[in-house]
Every structure is written in structure tokens, then in C-alpha cells.
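Asker: Okay, handing you the structure first.
The values are calculated or read from the model by the stated rules, or taken from the named source; none is laboratory data. Given the structure is predicted, the values throughout are model-derived calculations rather than measurements. Quick reminder, even Gly has a Cβ in these numbers, built from the backbone with ideal geometry, and neighbours come from all protein chains shown. Just so you know, the surface numbers come from the protein's heavy atoms only, side chains and all, with ligands and any DNA or RNA stripped out. Shrake-Rupley method; radii C 1.70, N 1.55, O 1.52, S 1.80 Å.
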Amino acid sequence: MDETLGRKLRFGDVAYAIGATPKALRLWLQRELVTIRTPKAEDGRWSEYSFVDVAILALVRTLSNFGVDIPNANAIANKIMGDHFFGPMKALNDPGAPAGVLALIWSNRRLRIHRPGDVWELQVIDLWKAASESPAEPAVYLTLDVESVLRAAFARASESVNDGEDTD
């Protein structure tokens, strides 16, 4: 995949990339259940989407598959794609950066998500440290491989944008 962060995607490509139906994605956007980075056009609609938007929406879709409601999944996804864990993501300001850079920072890491009360708690687990550090584990939690979710969505987006042609 050689797509860059500056590449813009169409609605159908985004729906395909995240594995959602266009109807479901349209519902999320129209009801403002999800917050993406690309601003709406003057007519109040989105006409194009970025790979950051694809990343957020793919994470929302994955979390919703595990039973997290869409507004909470959106909040978690925006934390994942924001500065919450790793400080300012300078690559987001470089449209020439490969889209895969968004997944790369999650290499050999997992996100542990649990909800002890009304608030979702997020913890990054560094796999190279996990064996030596045993944090107190909650009784029930979800572990998310963010890198795999993002790479799969970006590969599908690239496939859709390129009409299934192999770009390698």
C-alpha cells in the first residue's frame, strides 16, 4: 500500500475500508454519532475523507463489534488517533507521509480497554514489557490490536481506491 495521508477518499471507499454498510456509516455521520477530522463541506455534507478518518471509523466499527456503543467507541477511537497516548503525532501534518505511519506507532502494542464504572479506561500495553510487568488486571477487559485494525482498513481503502488493482 503506497497511499499517503494527503490522499482523499470517497464515501463508498470509506464504507468498504471499514467493513460497514453505506447505510450504517451514513447514519453515524448524519446523527453525529462519530467525530472525524475532515470538516464538512459548505453544503453541510462530507464529500471526501482522509486516512485519519478511515482510522477513526475503522476503530469505531471494531469496538462496536465488541459491544461498545457508537458514541463511546467514537470517544475511544478519537483518543487512539489523537495525542492522548503518544504526544503530538507529527505525521498527521505531513500529507506525503504514508498512511501506514498511523498503524506503525501501534506496532508491538495493544490497547487494553475496560469499564470499571461509567467511564472507559484505556491502557497501552507494550508487548516487549508485558512479560516482565504484570499490572493488576481487571476482571473483564477488551484487548485491541490497533495496528491490525488500521492496516486492514488501509489495505481495503487502497484496494477500493485503486479498483482492486495490485499497486505493488
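Asker: Using a 7 Å offset from the Cα along the Cα-to-Cβ direction at both THR35 and ARG7, what is the distance between the two label points in nm, to one decimal?
Answerer: 2.8 nm
Asker: Take peptides 70-83, 115-128 and line them up by average Cβ neighbours within 10 Å, highest first, as a rough protection proxy.
Answerer: Descending packing order for the listed peptides: 70-83, 115-128.
Asker: Enter the accessible area of ARG37 (Å², nearest 10), with the probe set to 1.4 Å and all protein chains included.
Answerer: Surface accessible to solvent at ARG37 totals approximately 100 Å².
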